[in-house]
Each structure stands twice: as structure tokens, then as C-alpha cells.
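Worksheet: the structure to be examined is printed underneath.
Any read-out appearing in this document is the output of simple, stated calculations on the displayed coordinates, not a laboratory observation. Computed from a prediction, not measured in an experiment: that's the story for all the values here. Glycine gets a Cβ as well: all are built from the backbone with ideal geometry, and neighbour counts include every protein chain shown.
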Amino acid sequence: MKKILFFLLVILSSGIIFSCNKSSDSDSDDSYIDPGNWGGFTLNSLKEYTISSTSGDTCGPGTACCSIIYQGELDDIKYVGIAVDNRDQVVPPTYIFKMYWAASAIPTGTGLTLPSCTIKINDQSSSGINVTNATITNEGDGTYSISFSGSYTVGTTETLTAVNMRAYKYP
């Protein structure tokens with residue numbers, strides 16, 4: 001009797017273990033994309049960016065410009081984000097820009113308000129920034145054009161004044 005009970009307990013335990021897997025969970029950042037890691041993707045030569053900030057950077061157009069717009073989910077909250085990264089380019093210094101906000105889909109149009117954004121420039125970051133008068137256009141070729149201007153304080157040493165970019169849509 002003890003052997004049968006032990007056997008049933010092992011079967012029940014293994015069933016529970018295999019049914020509780022990571023694919024049913026959104027508590028991880030599986031949707032995060034590193035804009036500097038393009039392995040396996042067909043690169044679009046129309047990507048480009050000009051980020052006007054205290055330390056600013058520009059690239060392109062060209063396949064070497066790592067600029068993306070993406071959708072993801074973390075902790076059951078859907079986000080849209082844009083990012084650029086020049087770590088793969090030969091020209092120092094390294095420049096990393098990331099911006100994301102809660103949204104169920106990539107908004108398109110003019111005069112958009114992107115609410116409660118988190119903006120990161122290199123090692124500086126700020127949250128709760130409302131970006132106003134943004135324009136996002138789906139170019140129909142796997143890229144989006146994104147632009148806005150203003151004066152946004154990011155951390156203690158960066159001021160973001162304008163973003164003009166053509167970004168690859170991931171995924």
C-alpha cells in the first residue's frame with residue numbers, strides 16, 4: 001500500500017511541476033529586446049536616429065543604426081518602447097537611449113501624448129514623464145518614424161530636447 005501511495009504522489013507531483021511553467025507567466029521580462037543585439041534579424045537600411053540631449057547621438061540612415069520600436073508585456077502590463085544603442089559602432093562614446101510607456105498597441109498619428117514615460121539615457125533615468133506633441137507613423141516597410149521635441153529632464157545630468165528616428169519594428 002505504501003508503494004502505491006508513493007507512486008501516486010510522485011505522479012501527482014510531476015504533473016504539477018510540468019503544468020506550472022514559465023510560458024504561462026508574464027512576471028519575467030521575456031519581451032525585453034537589446035537594441036544592440038540584432039543576431040538573426042534582417043536589418044533594414046532605412047533605420048536612423050538623431051537624439052538631441054546633453055550627450056546626444058546621431059546615426060544613419062543605415063543597417064548599422066540600432067533603433068527599434070517594440071511592444072512587450074511585463075507583470076501583465078503591456079508596454080510600447082523605443083530604443084537606440086550605438087555600442088556596435090566604432091565611434092565612441094557609447095550612447096544608449098530607451099523610452100517606454102504603458103500602451104496596448106503602438107499609437108500612430110500626430111499630436112500624440114505618450115503618458116507617464118520612463119526615459120533612460122546612458123546611466124541616467126527618470127519616470128512619470130508625459131511626452132507631448134509626438135508623431136508616430138507606420139511607414140509600411142517594417143519601420144516607424146517617431147519624432148517629438150520639448151525639454152525633458154532625465155536624471156541629474158541629461159536634458160532631452162528632441163527625438164527624430166526611424167526605427168525597426170520588433171518583433
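Shown here for the range 40-142: trypsin sites (Lys or Arg not before Pro) in loop regions (DSSP other than H, G, I, E, B) with at most 14 other Cβ atoms within 10 Å, namely Arg87. For Asn164 and Asn133, the difference between the fully extended length at 0.36 nm per residue and the C-alpha to C-alpha distance is 9.9 nm.
Placing one equal scatterer on every Cα of the range 38-170 and applying the Debye formula, the log10 ratio I(q)/I(0) at q = 0.09, 0.19 Å⁻¹ is -0.23, -1.12. Relative contact order of the range 38-170: 25 percent, from C-alpha pairs under 8 Å at least 6 residues apart in sequence. Judged by the mean number of other Cβ atoms found within 10 Å, the most tightly packed of the peptides 149-162, 55-68 leads the ranking 55-68, 149-162.
The residue among Cys59, Val80, Phe97 whose Cα reaches farthest toward the positive pole of the charge dipole of the range 38-170, with charges on the beta-carbon of Lys, Arg, Asp and Glu, is Cys59.
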